[in-house]
Amino acid sequence: MRQPGKNINIKANNITVSYNDEGPDNAPVIIFIHGFPLNKSMWENQEKALKDNYRVITYDIRGHGNSELGAIDFSIDLFVKDLLCFMDALKIEKTIICGLSMGGYIALNAIENHPERFSALILSDTNCTADTYAGKEKRMNAIKSIKENGVEELANYLIPNLFAAESFNRDLKEIQDVREMIVKTSTQSLYNSLHALAERKETCGKLSEIKVPVLIIVGTEDVITPLDAARFMQSKIKGSLLRIIEHAGHLSNLENPYEFNSQLKKFVKSLK
């Protein structure tokens, strides 16, 4: 039986997963997957915008937020298995899926390997490529830096790249919220996640096989997964839509929630 609310715990794939579940019982389901190294609270604005008409589920990826770390090395494949086991535990056969950044890597892997479980895909500020050698090296250097200098150093490095320059001029409360999410993530989860991101496989080769409706969203100032990456994915996924969010960087849902939610609502409404 469904248990709606916030910060609920459920067992899935041998770990306790923390999640929010809001909205009407029989409404279409949308599951949101957060980025690294954040947690489900980054989707608060989207929950509020959609919960009147949709069943909105946000969850903490293993080792993030309030979800357990578990005893297995992280990988994108493992995160996908966690997602599917989580859906099974909630008795959700099919869902709309939305992933931002690392959440997008998970969503792409999931839909390409288990297409029957998803009715639509929303990719936000993400890409389909694997890490380059230089990218892998950066992640290994980040692990070394955390071990030597602590998590605050990682936050100091990430924050300027996660947000558009103008977001700092506006003194967004969300910047401090994101910093808090980063520093509260356990060092072991950070190490494991950075390894998983470095070792992920590309999903570009299977983009043309995606048959469900797809919306691709990207912030104009995203320097981590820039507009060109979004345009490439849109060119490979037949019928996909690309929407560019002004006044936003990598965390477009936080920096310009009004425009992000407007595009989100238009897209999911078109699925009916």
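Here, each number is a calculation from the coordinates, and none is a lab measurement. On a predicted model such as this, the values are computed, not experimentally measured, just so you know. Here the Cβ positions follow ideal geometry from the backbone for every residue, glycine too, while neighbour counts run over all protein chains shown.
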For the chain, just give the cysteines left without a disulfide-compatible partner, judged by no other Cys Cβ under 4.7 Å. CYS85, CYS98
Taking the Cα centre of the chain as the origin, how large is its charge dipole in debye, to the nearest 20, when only Lys and Arg (+1) and Asp and Glu (-1) carry charge on their Cβ atoms? 760
Rounded if a/c is under 1.5, else prolate if a/b is larger than b/c, else oblate: which is segment 119-204, with a ≥ b ≥ c the root eigenvalues of its Cα gyration tensor? oblate
Count of lysine pairs in segment 1-146 with Cα separation under 25 Å (8 or more residues apart, or interchain): 24
In whole angstrom, how far apart do the alpha carbon centroids of segment 135-182 and segment 192-270 sit? 21
What's the percent breakdown of Cα-Cα distances in segment 83-236 across 5 Å bins, shortest bin first? 2, 8, 15, 19, 18, 17, 13, 6, 1, 0
Per-selection Kirkwood Rh - the chain (Cα, Å, 1 d.p.): 18.5
Choose one of PHE86, CYS128, ILE143: the residue whose Cα lies farthest towards the positive end of the charge dipole of the chain (beta-carbon charges +1 Lys, Arg; -1 Asp, Glu; about the Cα centre). PHE86
Only Cα pairs under 8 Å and at least 6 apart count here; give the relative contact order of the chain as a rounded whole percent. 19
